[in-house]
Amino acid sequence: MRRKLAAGNWKMNGLSAELDQIDALTAKHADSAIDLLICPPATLIAAAAARMSPHAMMIGGQDCHSEPSGAFTGDISAAMLADAGAGAVILGHSERREQHEESDEMIRAKALAAHQSGLITVICVGESLAQRDAANTLDIIGAQLAASVPNNATAENLVIAYEPIWAIGTGKVPTLDQIGEVHDFIRARLEHRFGADTGHSIRLLYGGSVKPGNAADIFTVTNVDGALVGGASLKAADFSPIIEALETAAS
Ligand code: PGA
């Protein structure tokens, strides 16, 4: 059985005052039967991790460098994230792929570094609208998966997030059939590459405009093991109903 995972990506949002939102979530979902992950900006990781009751919620980073240390001004290594209390890191988000020109090869190198530091990697894949319109979606996802995911990935250290770029922050969501088609494809690819057991056990998240109003439907889709949530993870009042929908799906 794959344990469900609700993950929040705060992106470049959140000052110390917003740590209250994490407090509210941990208070409400302390005994949750699903896994919870919040990825605040790097400036809040240590403070967020420090106030976590053990295991209530994991704190993660939104990116890391592939090198352990060195002359990389402004960057953060995987070991630094772990040292600050992070247990996971999002890698290859489409905003990093686009705005920071991250290639699949760079993402794979970052994932190797993250695994070496004991972090879970949430590796993002997803097609643009032009690619979907050209009926290239599965080719794109297949190529991103093949090149971004390192060979040392296991069901314990790898989570895949399918995030269609056109659905991120837009309020547009694929149909349940479209989500199911991609998630089934990712599952088949992982089983082929890592073997039936590992491939079957790696968790697959859907991301892109997940809201309290559509989460329960999305969680009915086979091979959707949770969500990576941006905008709706910023406020406990929005994220909590999404977590509850996933808890219901898990029960
Ligand atoms: P969104 O972002 O939920 O605001 O669409 C999702 C993401 O980018 O991870």
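The values are calculated or read from the model by the stated rules, or taken from the named source; none is laboratory data. Worth saying up front: this structure is predicted, and the values here are computed from it rather than measured. Cβ atoms come from the backbone with ideal geometry, glycine included; neighbour counts cover every protein chain shown.
As an exercise: evaluate Asn157 against (1) in contact with a His (Cβ under 6 Å, 6 or more places away or on another chain); (2) within 16 Å of the ligand (Cβ to nearest atom); (3) not β-branched (Val, Ile, Thr) and give the number of the one condition it does not meet.
(2)
Out of everything in the stretch 229-248 that is touching a helix residue (DSSP H, G or I) at 6+ places or on another chain (Cβ under 8 Å) and part of a loop (DSSP other than H, G, I, E, B), what residue ends up being nearest to the ligand (Cβ to nearest atom)?
Applying the filter and picking the extreme gives Leu234.
Exactly one condition in (1) in contact (Cβ under 8 Å) with a residue 40 or more places away in the chain; (2) exposed (fewer than 14 other Cβ atoms within 10 Å of the Cβ); (3) assigned to a helix (DSSP H, G or I) is false for Thr154; which is it?
Here Thr154 meets the rest and fails (3).
Which of the residues that make up the stretch 183-227 are aromatic (Phe, Trp, Tyr), closer than 24 Å to Ala153 by Cα and under 17 Å from the mean Cα position of the chain (by Cα)? Explain how you work it out, then say what you get.
We begin by selecting, within the stretch 183-227, every residue aromatic (Phe, Trp, Tyr); these are 185, 194, 206, 219.
After this cut, where a residue has to be closer than 24 Å to Ala153 by Cα as well, the list is 185, 194, 206.
Answer for the stretch 183-227, where residues must be aromatic (Phe, Trp, Tyr), closer than 24 Å to Ala153 by Cα and under 17 Å from the mean Cα position of the chain (by Cα): just Tyr206.
Given the stretch 1-120, what helices (runs of 4 or more DSSP H) lie entirely inside it while holding 2 or more residues that are surrounded by 13 or more Cβ atoms within 10 Å (Cβ to Cβ), touching a Gly at 6+ places or on another chain (Cβ under 8 Å) and at positive phi?
On the way: elements: 19-28, 42-50, 78-84, 94-99, 104-116.
Once the helices (runs of 4 or more DSSP H) in the stretch 1-120 are filtered for at least 2 residues that are surrounded by 13 or more Cβ atoms within 10 Å (Cβ to Cβ), touching a Gly at 6+ places or on another chain (Cβ under 8 Å) and at positive phi, nothing remains.
Filtering the stretch 211-228 down to residues that are out of contact with any Phe, Trp or Tyr (no Cβ under 6 Å at 6 or more places or on another chain) and under 20 Å from Thr26 (Cβ atoms), which residue is nearest to the ligand (Cβ to nearest atom)?
First pass over the stretch 211-228, keeping only residues out of contact with any Phe, Trp or Tyr (no Cβ under 6 Å at 6 or more places or on another chain): 211-217, 219-223, 225-226, 228.
Narrowing the set further to residues that are under 20 Å from Thr26 (Cβ atoms) leaves 212, 215, 226, 228.
Numbers: Pro212: 12, Ala215: 11, Gly226: 12, Leu228: 5 Å.
That would be Leu228.
Return the residues of the stretch 199-210 that are assigned to a strand (DSSP E or B) and away from the ligand (no atom under 13 Å from the Cβ); say none if nothing qualifies.
Restricting attention to the stretch 199-210, the residues satisfying the condition of being assigned to a strand (DSSP E or B) are 203-207.
Correct list: Arg203, Leu204.
Residue-wise test of (1) hydroxyl-bearing (Ser, Thr, Tyr); (2) more than 16 Å from the ligand (Cβ to nearest atom); (3) touching a helix residue (DSSP H, G or I) at 6+ places or on another chain (Cβ under 9 Å).
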| residue | (1), (2), (3) |
| --- | --- |
| Ser69 | yes, yes, yes |
| Phe72 | no, yes, no |
| Asp75 | no, yes, no |
| Gly87 | no, yes, yes |
| His93 | no, no, no |
| Arg97 | no, no, yes |
| Ser103 | yes, yes, yes |
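Taking Ala196 as meeting all but one of (1) touching a Leu at 6+ places or on another chain (Cβ under 8 Å); (2) away from the ligand (no atom under 15 Å from the Cβ), write down the number of the exception.
Of everything listed in (1) touching a Leu at 6+ places or on another chain (Cβ under 8 Å); (2) away from the ligand (no atom under 15 Å from the Cβ), Ala196 misses just condition (1).
Take the stretch 160-174 and flag every residue that is surrounded by fewer than 23 Cβ atoms within 10 Å (Cβ to Cβ) and either at pLDDT below 95 or not in a helix (DSSP H, G or I) (or both).
Those that are surrounded by fewer than 23 Cβ atoms within 10 Å (Cβ to Cβ) and either at pLDDT below 95 or not in a helix (DSSP H, G or I) (or both): Ile168, Gly169, Thr170, Gly171, Lys172, Val173, Pro174.
Assess whether Gly14 counts as being within 16 Å of the ligand (Cβ to nearest atom), in contact (Cβ under 8 Å) with a residue 60 or more places away in the chain and over 30 Å from Thr222 (Cβ atoms).
Working: within 16 Å of the ligand (Cβ to nearest atom): yes; in contact (Cβ under 8 Å) with a residue 60 or more places away in the chain: yes; over 30 Å from Thr222 (Cβ atoms): yes.
Answer is yes for this residue.
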